[in-house]
Amino acid sequence: MAVEALFYLGHPAHFHLFRFAIKGMKPEQVVVCIKSKDVLEQLLKEAGIEYINIDSAGKKKSGMLSLAMAVAKRTFTLAKIIRKHKPARLMGSTAELSVLGKFFGIPSFIFFEDDLQYVPSYAKLVGPAASYLICPDCCSAWKWDQKKLSYSSYHELAYLHPNHFTPDPSRVPLFSDPSYKKFILRFSDLGAYHDVGMTGMTDDVAMRIIQRLEKEGRVFITSERPLPPQFESYRISIRASDIHHAMAYADLFLGDSQTMTAEAAVLGTPALRYNDWVGKLGYLEDLEHKYGLTYGIPTGNVEQLFAKLEELLSVKNLREEWQKKRSFMLSEKSDFEKCISWILKCDPKNRSQIAEIAQTDRFH
């Protein structure tokens, strides 16, 4: 049986985005490649998905030169795997996948949520090389709108839409206990290609937040970067695959992660984001200004951050209010997993068929 798709996952968010589609395919129809990143490998093991790790060392050094060398090495390894399996389509979010699709003449479907004009180095590779650019309709494909295939949804609704996710209190008893408030803090590494030069939550700001929130309830930290000793006692202790159950029961989420902020928002958990990306990403602007599910505070505005925190803590029935906002958002957004599943069934080389389907609302 021919290999229908090769998925390349470079981030835990990619696992969540594609996991239902991958699990819905026969093992002989799909090849899953990954690089080591945070809890990505752990998530695949917990889900029972077979994979090939093309970069088990993970990131060792920062800087553009190190990033470029790592990308070149992964590209070469991926090329050998593609040549061996000859997949009908390439699925993922990385620049190297689009370049290899162009080289081998295999249609590449590149999924992204960062507006391309704000990630020019990435955009200048995926824009010309990708066959199709898949993103929410509130995101920009910059100079390559003719390749854009978009829907009224968010990537996070491929796995956190009610069609696919229901919070399970038995998996996170500490969070489902209603006798106290729960707060989740997330610290990102901010070391990806699009994060060069970007900053987020500092240890000093984080400590101030913790000291304030401990007066209201319990604080839990999930971190992509190493934690300093003073924060270790707050580290969350759950299975990687249970994080969304914890987030669904949390009273508030704060962090410098784009993805986890959006995840909290679509789950109806009030979310505060503090980093240099605020105001630049269409999907988070949509969640903030259209639905009021999250708030972004640019770095350097610490007092504004704490003012918004105090405002949220003072709201009575905060969770109930956010669940109403979530219901309204869901009434207008589609189940993004249906889009992914359709891409896996269509003829990837039939551009007219794909262009036609992009004009319909079949995924709502």
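Below, the figures for the structure above:
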item: Approximate shape of the chain as ellipsoid semi-axes (Cα gyration tensor, √5λ), whole Å, largest first; result: 33, 22, 20
item: Gain upon complete extension [S121, K73; 0.36 nm per residue less C-alpha separation]; result: 15.5 nm
item: The chain, dipole about Cα centre (Lys/Arg Cβ +1, Asp/Glu Cβ -1), debye to the nearest 20; result: 1160
item: Degrees between helix 64-85 axis and first principal axis of the chain (Cα, 0 to 90, nearest 10); result: 50
item: Paramagnetic reach from R171 in the stretch 259-292 [backbone N under 20 Å; point 7 Å along Cα→Cβ]; result: 259-270
item: Selection from Y118, L6, S140 lying farthest towards where the dipole of the chain points positive, charges on Cβ; result: L6
item: In nm, spacing of pseudo-spin labels at E332 and E310 (7 Å Cα→C-beta vector); result: 3.1
item: Extreme residue, positive dipole direction of the chain, given options L284, I340, G200 (C-beta unit charges); result: I340
item: P(r) tail fraction, the stretch 109-156 - alpha-carbon pairs more than 18 Å apart, %; result: 15
item: Shape call, the stretch 273-312: gyration tensor on alpha carbons, a/c limit 1.5; result: oblate
item: Amide H contacts under 5 Å for D276, placed H, 5+ residues apart; result: T199, T299
item: Cα gyration tensor, the stretch 22-110 - rounded (a/c under 1.5), prolate or oblate; result: oblate
item: Residues L272, L17, L312, sorted so that the one with the fewest Cβ neighbours within 10 Å comes first; result: L312, L272, L17
item: Solitary cysteines of the chain, where the nearest other Cys Cβ is not under 4.7 Å; result: C33, C138, C339, C346
item: Gained length - F104 relative to S179, 0.36 nm times residue gap less alpha-carbon distance; result: 21.3 nm
item: Fluctuation leader among H155, H289, H245 - the chain, Gaussian network, Cα springs under 10 angstrom; result: H289
item: Using alpha carbons only: equivalent-ellipsoid semi-axes of the stretch 221-353, gyration tensor based, whole Å; result: 29, 19, 16
item: Square roots of five times the Cα gyration tensor eigenvalues for the stretch 68-193, Å; result: 34, 18, 16
item: Residues H244, H16, H11 arranged by fewest to most Cβ contacts within 10 Å; result: H11, H244, H16
item: Cα long-axis angle, helix 95-104 against the chain (0 to 90 degrees, to the nearest 10); result: 10
item: Over the chain: helical MRE at 222 nm, DSSP H runs n ≥ 4 each giving -39500 (n - 2.57), nearest 500; result: -11500 deg cm²/dmol
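Quick note: the coordinates plus some simple rules give every number you see, no bench work behind them. Here the structure is a predicted model, which is why all the values come from computation and not from measurement. We place every Cβ from the backbone using ideal geometry, glycine too, and count neighbours over all the protein chains shown.
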